[in-house]
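Reviewing the structure listed below.
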């Protein structure tokens with residue numbers, strides 16, 4: 001596998017995590033208006049992205065391949081839970 005093919009695979013592997021990491025804090029500002037944000041937008045994106053990439057890798061290791069629906073369910077639940085925790089003011 002060449003370098004460009006490897007880069008393509010890695011980017012496609014982290015794409016769902018990146019998309020959710022950018023969308024959740026943005027949507028959280030609309031749906032959770034009355035609660036103060038615990039972190040800046042960039043910090044929220046970074047934290048959610050790291051957690052979701054770890055979940056994607058865990059799904060890859062657990063199931064032996066990526067793209068399983070249970071992994072995507074875990075991404076959605078972990079991302080939403082992290083965003084909720086940051087809106088509640090939890091810092092970890």
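Things worth noting here:
- Of all residues making up the range 40-92, the number that are surrounded by 13 or more Cβ atoms within 10 Å (Cβ to Cβ) and outside any helix (DSSP H, G or I): 3
- Pairs with Cβ under 8 Å, 6+ apart, first in the range 1-18 and in contact (Cβ under 8 Å) with a residue 40 or more places away in the chain, second exposed (fewer than 10 other Cβ atoms within 10 Å of the Cβ): none
- Residues of the range 27-39 that are at pLDDT 80 or above and either in contact with a strand residue (DSSP E or B) (Cβ under 9 Å, 6 or more places away or on another chain) or surrounded by 15 or more Cβ atoms within 10 Å (Cβ to Cβ) (or both): 28 alone.
The values are calculated or read from the model by the stated rules, or taken from the named source; none is laboratory data. Since the structure is predicted, the reported quantities are computational estimates derived from the model, not experimental observations. Here Cβ is always computed from backbone atoms with ideal geometry, including for glycine, and neighbour counts include all displayed protein chains.
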